[in-house]
Every structure is written in structure tokens, then in C-alpha cells.
Amino acid sequence: VIVIGLIFITMLNALALMSTARTDLVQRLVDEKSAEALALSNNLSLVLEHAADAILSVDGNGRGVLVNPAAAHMLGYELDALTGEMIHELIHPVDLQGRPHNRTECPVFQGSPDQSRHSGIERFRRKDGSDFFAEFSTEIIISPDGTNVGAVTILRDITARMEEEADRERFIEQLTRANEELERFAFAASHD
């Protein structure tokens, strides 16, 4: 009886040690994966904070979910002021030509399962009411069942570039007129 009791106790201790070792292994794996997830989350947060371009995320209804500091600065809002707000109405109430339009007609926030990514140049509005031109790239987030659950948009202010292009076009136009006048003068001078 004593021998069988000792064998039984030894087996119970071995099972307890195996169970403890397995629990420790599982806990160690959980801790490692938690640390990896935290590091990834911190890295993504740093990327969003230090991105040079504006990054906006909206839900399926068009309400702001995430706005990075560059977007808040570009648009003239406090960082949390756009969260929960209807983004389209605040920053994109007019089209490229300055005509009012609604969200269903908006090229920035439209999308379908067939075409979830699109980009272009549009006119946007700052909090102070001033307009600026920006290149945008939008990726619509489509759920597995095919519904639009949101979008991520990246904006880059190109107002200065567009003004430089307009100045260049004006300069080319002036140069063309000057060349035409010079040709007329040369023709008149050679005729005389």
C-alpha cells in the first residue's frame, strides 16, 4: 500500500509539474505575443504621428475615426476636433471647380467593391474657410460581405505647386505674345 501510495503521489507530482511547466510555457508565449503587439502598436502610432502627409480615416457613415497631427495642422483643427464629425461636410463641401456637392457625389469618399482605391486632385477647405488644393489617395474599406465600412484618405497640399504652374503658364503666355510682337516688328522692319 505504501509503495502504491508513493507511486501515486509521484505520478501526481509529475502531472502537477507538467501542468505547471505547460502553464508557464503558455504564459511566456502570451507575454511574448503581447509585447510584439504592443511594439507594433507603438510603431504604427509613431508612423501616424510623424507622417508628413495628412491621414484621415472615416467610418462607413463618413464620421472621423482617426486624424493624424499633419491632417489637423493642414486643416486648421485641433487633433480631436474631427473625430466623430462628418468629415466631408467640414473639409470637402465643394468640388474642384468650387461648386457645392454632397458626400454621395464626392470622388474622395466614394467607393465600391469593384473600385476601392482612387486618387486625384480636389479642393478642400480649412477651418478658417480658406480653400486649398490637395492630391488625395483614398482606399475604401470593404467588409467581407461587401459593405462599405469606412475609408482611409491621404492628402498632400499642392497649392504652392499649382500657383507655380499657373505662374509658369502666365509667363509662357507673355513670352508667346512678346515673340509674336517681335515677329511683327521684324516683318515691318524688313519690309521697310
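The values are calculated or read from the model by the stated rules, or taken from the named source; none is laboratory data. Remember, predicted model here, so these are calculated numbers, not experimental data. Heads up, the Cβs are rebuilt from the backbone with ideal geometry, glycines too, and the neighbour counts pull from every protein chain shown. Accessible surface is based on the protein model in full, side chains and every heavy atom, while ligands, DNA and RNA are left aside. Shrake-Rupley method; radii C 1.70, N 1.55, O 1.52, S 1.80 Å.
Things to note:
- GNM result for the chain, Cα springs below 10 Å: residue of 143, 34, 57 fluctuating most strongly: 34
- Segment 1-84: Cα Rg divided by the 2.2 N^0.38 Å rule of thumb: 2.24
- Three-way shape label, the chain, alpha-carbon gyration tensor, a/c 1.5: prolate
- Accessible area per residue, Å², the chain with all protein chains present, probe 1.4 Å: 69
- Relative packing of peptides 88-95, 37-44 - highest average C-beta neighbours within 10 Å first: 88-95, 37-44
- Local net charge near residue 92, Cβ-Cβ under 11 Å (Lys/Arg +1, Asp/Glu -1): -2
- Simple spin-label estimate for residue 117 and residue 59 in nanometres, 7 Å along Cα-Cβ: 2.7
- Rel. contact order, % - alpha carbon contacts under 8 angstrom, at least six apart, the chain: 15
- Taking Cβ atoms as reference points and 13 Å as the exclusive limit, the residues near residue 39 contribute a net charge of -2, counting Lys and Arg as +1 and Asp and Glu as -1.
- The phi-based Karplus calculation (6.51 cos²θ - 1.76 cosθ + 1.60; θ = phi - 60°) puts the 3J(HN,Hα) values of segment 54-65 at 6, 10, 10, 10, 10, 7, x, 8, x, 8, x, 10 Hz, whole numbers, x for Gly and Pro.
- 3J(HN,Hα) along segment 177-192, derived from phi through the Karplus expression 6.51 cos²θ - 1.76 cosθ + 1.60 where θ = phi - 60°, amounts to 4, 5, 5, 5, 5, 5, 5, 4, 4, 4, 5, 5, 5, 5, 5, 5 Hz, with x in place of Gly and Pro.
- Total formal charge among the other residues, if their Cβ is under 14 angstrom from that of residue 67, Lys/Arg +1 and Asp/Glu -1: -3
- Note on segment 114-192: Kirkwood hydrodynamic radius from all Cα pairs is 16.9 Å, rounded to one decimal.
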